[in-house]
Amino acid sequence: MTTYVRPAVSLALLMTLVTGALYPLAVTGIAQVVFPEQANGSLVRDDQGQVRGSALIAQDFQGDGWFHSRPSAGAYATVASSASNLSPSNPVLAERVKGEAAALYQAQQGPVPQALLTTSASGLDPHLPPEAVAYQIPRVAAARQLPVARLQALLEEATLHPLIGPPVVNVLAINRMLEQLSH
């Protein structure tokens, strides 16, 4: 019996050591050397070095003077990140979307972009399509007393064109650029 148990236990311990300790340490070490910013959370810092957020996580910007992220089912909390799991036929979802659409609707701009009404799968997606950010420009321009053309230029500058997929705008990044305009 020990001829079978001893090798099995030894192999289990060896694999636990390799896959549970050595491999994660090696991957972490390589990531720290090759991709240090990403490995440490893609943190965004202000001029004083204070962390203002992460380029990978949406934030809840309040007030008319800021571009708003898409809604979050988990209130932008990383621990509770997830989708709402409400089906399209659920009346609770329909009421939430109707309320958001009514609050954001601006007659001269047409319908509210879907990205401003629906949550992402994680509830923390920091990106919006450029059209969803452009929809917010008149509100932000009025609140900050800035020319619409200046904010449109800011949007063009903040738009990312990934190798695969449609163009996107990181809301934290464009709000940081907006903050720099007022300094």
**Report entry** Number of positions in region 29-51 that are surrounded by 11 or more Cβ atoms within 10 Å (Cβ to Cβ) and either in a helix (DSSP H, G or I) or β-branched (Val, Ile, Thr) (or both)
**Finding:** 7
Query raised in the report: Would it be correct to say that Leu124 is surrounded by 15 or more Cβ atoms within 10 Å (Cβ to Cβ) and within 25 Å of Ala75 (Cα to Cα)?
Result: yes
Query raised in the report: Pick from Leu86, Leu56, Leu93: which is at pLDDT below 85, part of a helix (DSSP H, G or I), closer than 21 Å to Leu124 by Cα and of a type outside the set (Val, Ile, Thr)?
Result: Leu93
Report task. Using the structure shown, decide if Arg70 is touching a residue at least 40 places away in the same chain (Cβ under 8 Å), of a type in the set (D, E, K, R) and not in a loop (DSSP other than H, G, I, E, B). Result -> no
Query raised in the report: Say we look at region 108-159 and pick out the residues that are assigned to a loop (DSSP other than H, G, I, E, B) and without any contact (Cβ under 8 Å) to a residue 40 or more places away in the chain; which of these is farthest from Asp64 (Cα to Cα)?
Result: Ala121
Query raised in the report: Can you find a residue in region 166-176 that is surrounded by fewer than 11 Cβ atoms within 10 Å (Cβ to Cβ) and in a helix (DSSP H, G or I)?
Result: no
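The values are calculated or read from the model by the stated rules, or taken from the named source; none is laboratory data. All of these numbers come straight from a predicted model, not from anything done at the bench. Note that each Cβ is placed from the backbone with ideal geometry, even for glycine, and that neighbours are counted across all protein chains shown.
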